[in-house]
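The values are calculated or read from the model by the stated rules, or taken from the named source; none is laboratory data. Because the structure is predicted, anything quoted here is derived from the model rather than measured. No Cβ is skipped: glycine too gets one built from the backbone with ideal geometry, and neighbour counts run over all protein chains shown. Ligands, DNA and RNA are stripped out before the accessible areas are found, and what is left, the full protein with its side chains, is counted by its heavy atoms. Shrake-Rupley method; radii C 1.70, N 1.55, O 1.52, S 1.80 Å.
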Amino acid sequence: FPESIALARSEAENAFGNGELIIERAILEPRHVEIQVFADQHGKVIHLGERDCSVQRRHQKVVEESPCPVMTAELRDAMGTAAVEAARAVNYAGAGTVEFLLDKSGEFYFLEMNTRLQVEHPVTELVTGLDLVAMQIAVAQGDALTLEQSDVELRGHAMEVRLYAEDPAADFLPATGPVMHWHVPEREGVRVDTGIASGGEVSPFYDPMVAKIIAYGDNREQARQRLLRALADTALFGTATNRDFLLDVLSQPGFVDGSATTAFIGETWPQGYCQPALADRELVIAAVIQFLLGRAQATNQALDVNPELLNWSSTGDLESTYRYTREEVVEALHVRPLSDSRYRVSVGADVYVVDVLEMEKNRVSLTVEERGLTASFHAENEQVLHLSVGSGKVFKVVNLAAGDASVSERGSDGAVLAPMHGVVLTLEVSEGDTVQAGQTVAVMEAMKMQHTLEAPVDGTVIAGN
């Protein structure tokens with residue numbers, strides 16, 4: 001508790017120049033429900049329904065949807081009225097978001113008001129059919145709201161996830177790096193708002209959110225299924241993302257049935273999120289893609305030949321070997337072409353038949369043992385391949401057979417390094433102090449979040465800069 005108080009005070013002082021803290025009533029396992037309001041400069045205030053933003057971590061929203069799964073007409077009217085009266089009480093004008101905590105009994109409590117549109121405003125646009133940005137500009141320039149409260153109607157269901165450049169398996173540490181390849185899904189009922197492109201970069205100077213992926217459906221389940229398919233069809237290579245974590249969230253029973261509260265993530269992954277190990281299927285697809293890329297490169301370097309001759313050899317069937325590390329074990333995969341589009345891949349005693357249906361620059365459609373899949377990929381070089389396989393995970397494989405296959409484990413040299421650019425807020429140790437592995441030595445702020453830096457080993461602090 002004292003450490004939490006110190007961190008909160010430090011954040012408040014950095015943000016507002018005032019470290020005074022307020023102790024508030026704790027609402028246990030509430031829903032986070034917010035009301036979108038609009039007020040013009042002529043005294044009219046209306047609301048556009050609610051958004052449920054309960055799935056969050058560290059008080060940062062992960063999934064947003066409208067309408068709220070447990071909302072009733074009576075509760076919407078009460079919360080909407082409270083939000084409208086809050087805006088009217090301060091003579092507010094413009095777009096605003098009034099946020100509430102909703103407990104299990106149906107009681108709701110004012111949390112805060114954000115005097116702007118929010119990241120999740122697209123879900124309200126989709127269920128109301130209104131352009132909130134245009135409305136915000138209109139009221140800002142003095143136009144009167146033409147909508148009456150009775151004109152606002154919510155139709156269907158919309159759901160949004162925030163795609164972050166972060167590593168869920170490393171306590172959601174924000175990530176930076178090049179955007180080697182960015183594939184945006186194009187599907188019915190799906191909208192993507194993004195600010196990155198292939199060849200760009202995710203820098204440490206901005207919030208780690210790189211895209212918003214939003215799906216709309218006639219009902220909640222259709223919206224969820226569309227969002228799942230859109231996420232599976234999304235690929236960002238070059239930096240870690242939370243895409244696979246989002247897929248997992250949307251598939252959890254507590255989310256599917258609409259019962260998730262603000263405690264959902266902590267209860268579902270009490271020990272933190274752990275990325276599943278690579279499966280045979282994913283290794284097989286990686287081996288086939290690297291085989292095709294390597295053979296195409298060799299052919300193109302030799303002469304301009306017919307693609308049908310890609311796997312032809314006068315000495316019989318070609319076979320290539322790829323060696324990947326899986327759970328610290330090196331796996332050998334052998335790829336043998338059976339035709340110009342069919343391949344036999346063996347992993348130990350297991351044999352898989354892969355049919356390549358279509359291959360583009362960064363996309364491939366294929367079947368593995370007659371199961372259809374679409375994968376996105378990016379070859380960093382002939383040894384390193386980045387891959388996203390359908391609703392599986394985004395991962396990187398290194399073909400050890402194409403270079404130095406030796407793997408050495410090194411102990412820590414004791415240096416404590418910041419994982420990214422940031423500002424050091426506090427130093428918890430001094431030169432000469434004895435520390436234990438895992439002990440906090442400093443706290444830094446980066447990409448709108450605070451991070452603790454821990455000692456990697458037991459030892460003594462000898463220097464710092």
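Using the structure shown, decide if Leu126 is closer than 27 Å to Glu29 by Cα and surrounded by 13 or more Cβ atoms within 10 Å (Cβ to Cβ). Considered against the rule, which asks whether it is closer than 27 Å to Glu29 by Cα and surrounded by 13 or more Cβ atoms within 10 Å (Cβ to Cβ), Leu126 comes out as no. Taking (1) outside any strand (DSSP E or B); (2) surrounded by 13 or more Cβ atoms within 10 Å (Cβ to Cβ) in turn, Leu236 satisfies each apart from (1).
Taking Gly411, is it touching a helix residue (DSSP H, G or I) at 6+ places or on another chain (Cβ under 7 Å), modelled with pLDDT under 80 and assigned to a loop (DSSP other than H, G, I, E, B)? Considered against the rule, which asks whether it is touching a helix residue (DSSP H, G or I) at 6+ places or on another chain (Cβ under 7 Å), modelled with pLDDT under 80 and assigned to a loop (DSSP other than H, G, I, E, B), Gly411 comes out as no.
In this structure, Val70 does satisfy being open to solvent by 40 Å² or more (accessible area, probe 1.4 Å), closer than 17 Å to Cys53 by Cβ and among the aliphatic types (A, V, I, L, M). Considering (1) modelled with pLDDT under 65; (2) out of contact with any strand residue (DSSP E or B) (no Cβ under 9 Å at 6 or more places or on another chain); (3) open to solvent by 90 Å² or more (accessible area, probe 1.4 Å), say which one Glu382 fails and leave the rest. With respect to (1) modelled with pLDDT under 65; (2) out of contact with any strand residue (DSSP E or B) (no Cβ under 9 Å at 6 or more places or on another chain); (3) open to solvent by 90 Å² or more (accessible area, probe 1.4 Å), Glu382 is out only on (1).
Entry remark, segment 338-369: residues being in contact (Cβ under 8 Å) with a residue 40 or more places away in the chain and either under 26 Å from Thr234 (Cβ atoms) or surrounded by 15 or more Cβ atoms within 10 Å (Cβ to Cβ) (or both) number 12 in total. Among the residues of segment 187-233, the ones that are modelled with pLDDT of 95 or more, open to solvent by 20 Å² or more (accessible area, probe 1.4 Å), in contact with a Gly (Cβ under 8 Å, 6 or more places away or on another chain) and not in a helix (DSSP H, G or I) come to 4 in all.
In this structure, does Ala73 turn out to be over 22 Å from His157 (Cβ atoms) and hydrophobic (A, V, I, L, M, F, W, C)? No; evaluated as a whole, the condition is false for this residue. If you go through segment 50-64 and keep only what is open to solvent by less than 10 Å² (accessible area, probe 1.4 Å) and in contact with a Gly (Cβ under 9 Å, 6 or more places away or on another chain), you end up with Glu50, Asp52. Within segment 150-171, restricting attention to residues that are in a strand (DSSP E or B) and over 13 Å from the mean Cα position of the chain (by Cα), the residue that is surrounded by the most Cβ atoms within 10 Å (Cβ to Cβ) is Ala158. Of the set (1) surrounded by 14 or more Cβ atoms within 10 Å (Cβ to Cβ); (2) assigned to a strand (DSSP E or B); (3) small (Gly, Ala, Ser), all apply to Gly372 but (1). Residue check: Gln118 meets all listed conditions (1) open to solvent by 70 Å² or more (accessible area, probe 1.4 Å); (2) within 30 Å of Val394 (Cα to Cα); (3) polar (S, T, N, Q) but one, namely (1).
Taking the criterion of being of a type in the set (Val, Ile, Thr) and either open to solvent by 70 Å² or more (accessible area, probe 1.4 Å) or more than 23 Å from Arg116 (Cα to Cα) (or both), the residues of segment 1-49 that qualify are Ile5, Ile22, Ile23, Ile27.
In the condition set (1) assigned to a strand (DSSP E or B); (2) more than 30 Å from Val423 (Cβ to Cβ), Pro69 is compliant with all but (1). Restricting segment 241-261 to residues that are in a loop (DSSP other than H, G, I, E, B) and open to solvent by 40 Å² or more (accessible area, probe 1.4 Å), the residue that is nearest to Trp182 (Cα to Cα) is Gln252. Taking segment 267-295 as the range and being of a type outside the set (A, V, I, L, M) and open to solvent by less than 50 Å² (accessible area, probe 1.4 Å) as the test, the residues that pass are Thr268, Trp269, Gly272, Tyr273, Asp280, Glu282, Gln290, Phe291, Gly294.
Residue by residue, here is whether (1) touching a helix residue (DSSP H, G or I) at 6+ places or on another chain (Cβ under 7 Å); (2) within 27 Å of Ala375 (Cα to Cα) holds:
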residue: Gly217; (1), (2): yes, yes
residue: Thr239; (1), (2): no, yes
residue: Asn242; (1), (2): yes, yes
residue: Ala260; (1), (2): yes, no
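Within this structure, Asp52 passes the test of being out of contact with any helix residue (DSSP H, G or I) (no Cβ under 8 Å at 6 or more places or on another chain), closer than 21 Å to Leu130 by Cα and at pLDDT 95 or above. Step by step: first the residues of segment 73-113, then only those that are of a type in the set (A, V, I, L, M, F, W, C) and in a loop (DSSP other than H, G, I, E, B), then the one that is surrounded by the most Cβ atoms within 10 Å (Cβ to Cβ). Which residue is that? Residue satisfying both the conditions and the ranking: Ala93.
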